[in-house]
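K.L.:
The structure that follows is given in the form of structure tokens.
The values are calculated or read from the model by the stated rules, or taken from the named source; none is laboratory data. Worth saying up front: this structure is predicted, and the values here are computed from it rather than measured. No Cβ is skipped: glycine too gets one built from the backbone with ideal geometry, and neighbour counts run over all protein chains shown. Surface areas here come from the heavy atoms of the whole protein model, side chains and all, with no ligands, DNA or RNA. Shrake-Rupley method; radii C 1.70, N 1.55, O 1.52, S 1.80 Å.
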Amino acid sequence: MNYITIPGNPKEYFVLFHGTGGNEFSRLEQAGDIDPHMSVISFLGDVGRGQKRRYFEPLVNGKLPRENIDEKVAEFLTLWDEIKPEDATLTFMGHSNGANFILALLEKRPDIADNVILLHPSNLDFNFTSGSEARIFLTIGARDTLSLPSEGLALSKRLKEVFPQTEHVLLDTGHEITPLEIEKAKVFLGK
């Protein structure tokens, strides 16, 4: 999986994951709006191309392509173990497919990040058997037709069972990222 790095504060890192059709530059503006001084590692999904680029294959009848996602998570974790910044606070942030990929990472390694920002994630069939003290923040759009608000609320409840520091915000938006939710994420991180 390809990635870019942008140096900044060596004690604080954003680790970014784009949504379907995005690229390694897609979340840079939001990260900069939250904290322009943090270092950045931003990953490029390697499934599909252009508007279909993702981190794992599309759902099959609403279910995760389990074999593919397990393979992609294993590949990422191998890479991550090689490049992970030491002695730094890690904030993973992803939108849509990128947020769902972070959920897949949390399923396998619940302590991978100190903070997690999930922008419009889906409530898929992840199995969270253990959690951590990671702080998790979800944004849910009341008019979101891709990541339904009821599913986002159910996901927040599921996560809170194993990640007790889980919070969510329900906004009058669709699936797009708005300045208001970035402001809410900024408050969540204390920036």
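K.L.:
Could you tell me whether residue 99 is surrounded by fewer than 18 Cβ atoms within 10 Å (Cβ to Cβ) and of a type outside the set (Val, Ile, Thr)? Steps first, answer last, please.
P.N.:
Numbers: surrounded by fewer than 18 Cβ atoms within 10 Å (Cβ to Cβ): no; of a type outside the set (Val, Ile, Thr): yes.
So residue 99 does not fit the description; no.
K.L.:
Any residue that is over 23 Å from residue 112 (Cα atoms) and of a type in the set (A, V, I, L, M, F, W, C) - is there at least one of those in the range 46-60?
P.N.:
The first filter runs over the range 46-60 and keeps only residues over 23 Å from residue 112 (Cα atoms), leaving 48-53, 58-60.
Filter once more, so that each one left must be of a type in the set (A, V, I, L, M, F, W, C): 59-60.
Within the range 46-60 (the criterion being over 23 Å from residue 112 (Cα atoms) and of a type in the set (A, V, I, L, M, F, W, C)), the answer is yes, since at least one residue qualifies.
K.L.:
Residue 174 passes all but one of (1) surrounded by fewer than 22 Cβ atoms within 10 Å (Cβ to Cβ); (2) over 19 Å from residue 64 (Cβ atoms); (3) touching a helix residue (DSSP H, G or I) at 6+ places or on another chain (Cβ under 8 Å); which number fails?
P.N.:
Condition not satisfied by residue 174: (3).
K.L.:
Further question on the same structure: Could you check how many residues of the range 1-25 are touching a residue at least 60 places away in the same chain (Cβ under 8 Å) and in a loop (DSSP other than H, G, I, E, B)?
P.N.:
Total meeting the criteria: 5.
K.L.:
Which is touching a residue at least 24 places away in the same chain (Cβ under 8 Å), out of contact with any strand residue (DSSP E or B) (no Cβ under 6 Å at 6 or more places or on another chain) and open to solvent by 10 Å² or more (accessible area, probe 1.4 Å), of 106, 28, 44? I'd like the intermediate steps shown before the answer.
P.N.:
Details: 106 fails: open to solvent by 10 Å² or more (accessible area, probe 1.4 Å); 28 fails: touching a residue at least 24 places away in the same chain (Cβ under 8 Å).
Exactly one of 106, 28, 44 is touching a residue at least 24 places away in the same chain (Cβ under 8 Å), out of contact with any strand residue (DSSP E or B) (no Cβ under 6 Å at 6 or more places or on another chain) and open to solvent by 10 Å² or more (accessible area, probe 1.4 Å), namely 44.
K.L.:
What is the number of the single condition among (1) touching a Pro at 6+ places or on another chain (Cβ under 7 Å); (2) surrounded by 19 or more Cβ atoms within 10 Å (Cβ to Cβ); (3) aliphatic (A, V, I, L, M) that residue 88 does not meet?
P.N.:
Unmet condition: (2).
K.L.:
Next question, about the same structure. State which residue pairs qualify: first residue over 16 Å from residue 106 (Cβ atoms) and without any contact (Cβ under 8 Å) to a residue 40 or more places away in the chain and inside the range 62-89, second residue charged (D, E, K, R) and open to solvent by 20 Å² or more (accessible area, probe 1.4 Å) in any location, beta carbons under 8 Å apart, and separation of 6 or more residues or different chains.
P.N.:
So the pair list comes out as 65/57; 68/57.
K.L.:
So, one more: Under 6 Å by Cβ, and 6 or more places apart or on different chains, what pairs join a residue from the range 133-159 that is surrounded by 16 or more Cβ atoms within 10 Å (Cβ to Cβ) with one that is in a strand (DSSP E or B) and of a type in the set (D, E, K, R)?
P.N.:
Short answer, once both residue conditions are applied: 137/167.
K.L.:
Which condition breaks for residue 132 when tested against (1) over 21 Å from residue 26 (Cβ atoms); (2) touching a strand residue (DSSP E or B) at 6+ places or on another chain (Cβ under 9 Å); (3) modelled with pLDDT of 95 or more?
P.N.:
Of (1) over 21 Å from residue 26 (Cβ atoms); (2) touching a strand residue (DSSP E or B) at 6+ places or on another chain (Cβ under 9 Å); (3) modelled with pLDDT of 95 or more, only one is false for residue 132: (2).
K.L.:
Kindly indicate whether any position in the range 161-181 is in contact with a Phe, Trp or Tyr (Cβ under 8 Å, 6 or more places away or on another chain), in a helix (DSSP H, G or I) and not polar (S, T, N, Q).
P.N.:
Taking every residue of the range 161-181 in turn, at least one turns out to be in contact with a Phe, Trp or Tyr (Cβ under 8 Å, 6 or more places away or on another chain), in a helix (DSSP H, G or I) and not polar (S, T, N, Q).
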